[in-house]
Amino acid sequence: MKTISHDELKKIVKSSPMLSVSASRLLQLTSDPDHDLMDVVNLVKTDANLTARVLKLVNSAAFGLINEITSIDRAISYLGERFIVSIALGDCVGKVFEKKLVGYEAAAGDLWKHDLRTAIAAREVVVQGEMEISPDLAFTAGLLHDIGKALISDYLKDSAPEAIELITSHDSVDYLDAEEKLIGFDHTQAGFELAKAWQLPEKLAEVIRYHHSPAEASEAFRPLVYAVHLGDNIAMMGGFGTGSDSMRYRLDANYTDYITLTPNTLASIMLTVDSEFDKLEQSVASTGEDKG
Amino acid sequence: MGQVILGVGDYGASNNPTDDVKTFALGSCVSVILLDPKTKTVGMAHVALPDSSINKAKAAEKPGYFADTAIPALLAEMTKYGCHKKGKGMVVKLCGGANVMDTNDTFQIGKRNALAIKKILWAHGMGAIAEDLGENFSRTVTISVGAGQVTLSSPGRPNWQL
């Protein structure tokens with residue numbers, strides 16, 4: 001199988017959809033621990049299209065409100081920033097998330113579902129695992145963690161059986177290693193390149209790069225990276241992976257340095273992911289008629 | 001040909017020989033399959049967690065979600081097809097219950113699901129004659145009701161029978 005050179009990867013990144021100005025600013029803003037909801041409101045107000053989408057969502061059947069919400073301030077405080085980030089990303093780079101991952105034998109839409117489940121699970125890990133980081137930031141990081149798969153999937157082509165053979169024969173320690181052996185890059189390295197092109201905040205770029213090896217992340221961002229690491233594993237355990245690579249990664253059990261989880265808390269997180277996912281998927285999809 | 005598709009926490013049965021009973025991507029969930037040769041009925045539950053005591057409301061709404069509530073619910077469902085209420089004469093098969101690699105005890109939900117299910121089956125005097133449990137890959141299960149054949153699949157692997 002032909003490996004991808006670093007220059008080729010840069011070309012692939014260049015030809016990918018780019019973030020809209022408001023999505024980019026929204027990610028910058030919400031990654032800053034000092035922001036408040038009014039900052040989000042003011043930003044959304046500068047984008048008429050996004051404002052319309054938020055109002056449409058809050059008044060959609062999924063929320064079942066009796067009285068229509070017409071003010072964007074109220075809509076955003078009702079929904080919370082994770083819904084706003086989901087809509088903004090879906091609008092400009094929905095094509096990346098909806099892509100059929102041929103190289104992983106996954107259907108169109110599987111990546112988005114996996115990302116949503118990871119996002120909800122990472123948020124719940126922060127809340128129920130008694131962490132001191134922003135639950136909404138963990139959600140956003142969870143949404144973005146696997147963008148690299150959309151980039152390299154076409155280049156992996158029909159290599160899924162080969163990747164699995166590499167793992168079962170112990171020539172590769174996990175699916176990341178198999179990806180690198182097959183095409184010269186794994187999905188976290190590819191995603192990191194896209195993160196740079198998208199000028200994502202450093203902490204989100206590190207989540208993308210190290211979500212399978214959280215101990216390698218900068219110390220300041222490590223709790224966030226561990227939260228997404230667990231969220232990703234929880235999504236796969238719940239049956240929402242992205243095809244051939246599902247469950248074929250290593251759990252870093254040193255998460256216990258940052259996160260307190262009992263088997264019962266984990267079970268409770270899995271239950272919440274199931275119920276929240278249905279709600280969120282329905283509502284975000286209901287406004288997403290032009291999502292690619 | 002019809003398909004009875006069961007999602008996470010669902011259970012169901014069919015005695016229509018042209019039906020398939022199917023569940024997608026088990027992950028750490030376990031599929032409990034009951035085949036009744038006498039009535040030619042196939043039943044299945046897609047169990048997500050071992051113990052309903054963590055959320056009684058969820059167990060009441062979706063008994064198939066937990067090992068301890070799923071098996072009684074599935075047996076009761078199958079009596080509608082003339083099956084024995086305690087599962088007498090039924091063939092039991094189990095699959096799923098995968099774990100991620102290098103998992104620690106807390107994350108071994110797949111293993112805990114399988115153990116809880118076996119314990120409850122024993123309490124009913126039942127035991128699995130075939131199982132494909134554990135390891136680290138996700139399984140999709142299709143059972144043809146007419147032939148009683150259980151087929152497993154996983155992306156990137158050829159299909160296999162249980």
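Inter-chain neighbour count for B:90-99: the average number of beta-carbon atoms from partner chains within 10 Å of each residue's beta-carbon is 1. Counting Cβ atoms of other protein chains within 10 Å of each residue's Cβ and taking the mean over peptide B:101-113 gives 5. Exposure proxy shown here: for A:ASP91, A:ASP39, the number of other Cβ atoms within 10 Å sets the order, fewest to most, as A:ASP39, A:ASP91.
When only the Cβ of Lys, Arg, Asp and Glu is charged (+1, +1, -1, -1), the dipole of the protein assembly as shown relative to its Cα centre reaches about 1620 debye.
Return the tail of the calculated pair distribution for the stretch B:45-162, meaning the percent of Cα-Cα pairs more than 21 Å apart. Beyond 21 Å sits 43 percent of the P(r) for the stretch B:45-162.
Measuring r between the beta carbons of B:LYS56 and A:SER15 and using R0 = 35 Å, the FRET efficiency lands at 0.10. Across the protein assembly as shown, the fraction of Cα-Cα pairs farther apart than 43 Å, rounded to a whole number, is 15%. Comparing A:ALA108, A:GLY243, A:PRO161 along the charge dipole axis of the stretch A:6-281, the residue lying farthest to the positive side is A:ALA108, per the Cβ-charge model. Annotation: for a label point projected 7 angstrom from Cα along Cα→Cβ of A:TYR78, residues of the stretch A:28-59 with backbone N closer than 20 Å are A:37-59. Work out the P(r) tail for the stretch A:164-252: percent of alpha carbon pairs separated by more than 15 Å, whole number. Here the long-distance tail beyond 15 Å is 61 percent of all Cα pairs in the stretch A:164-252. With a cut-off of 8 Å between alpha carbons and a minimum separation of six or more residues, what is the relative contact order of the stretch A:17-148 in percent? Relative contact order of the stretch A:17-148: 22 percent. Between B:THR39, B:ALA98, B:GLY7, the Cα set farthest toward the positive side of the dipole of chain B (charges on each charged residue's Cβ, about the Cα centre) is that of B:THR39. Note: relative contact order over chain B, using C-alpha pairs below 8 Å and six or more positions apart, is 27 percent. Modelled label positions at A:GLU216 and B:THR79, each set 7 Å beyond Cα in the direction of Cβ, lie 5.7 nm from each other. For the stretch A:200-251, the relative contact order comes to 29 percent (Cα pairs under 8 Å, sequence separation of at least 6). Give the angle, between 0 and 90 degrees and rounded to the nearest 10, that separates the Cα long axis of helix A:147-156 from the longest principal axis of the Cα atoms of chain A. Helix A:147-156 and the main axis of chain A meet at about 40 degrees. Cβ-Cβ distance of B:ASP105 and A:ASP257, R₀ of 22 Å, FRET efficiency by 1/(1 + (r/R0)^6): the value works out to about 0.85.
When each of A:LYS196, A:LYS99 is scored by the number of other beta-carbon atoms lying within 10 Å, the sequence from fewest to most is A:LYS196, A:LYS99. Are any of the pairs A:LYS14/A:LYS181; A:LYS56/B:LYS22; A:LYS99/B:LYS62; A:LYS100/A:LYS196; A:LYS10/A:LYS99; A:LYS45/A:LYS99 more than 26 Å apart by Cα-Cα distance, and if so, which? Among A:LYS14/A:LYS181; A:LYS56/B:LYS22; A:LYS99/B:LYS62; A:LYS100/A:LYS196; A:LYS10/A:LYS99; A:LYS45/A:LYS99, the Cα-Cα distance tops 26 Å for A:LYS56/B:LYS22; A:LYS99/B:LYS62; A:LYS45/A:LYS99.
Summarising the strand pairing of the stretch B:3-161, around 75 percent of its internal DSSP beta bridges are antiparallel.
Every number in this text was worked out from the coordinates using simple rules, so none of it is lab data. Just so it is clear, the structure is predicted and the values come from calculations on it, not from any experiment. All Cβ positions, even for glycine, are placed from backbone atoms using ideal geometry, and neighbour counts span all protein chains on display.
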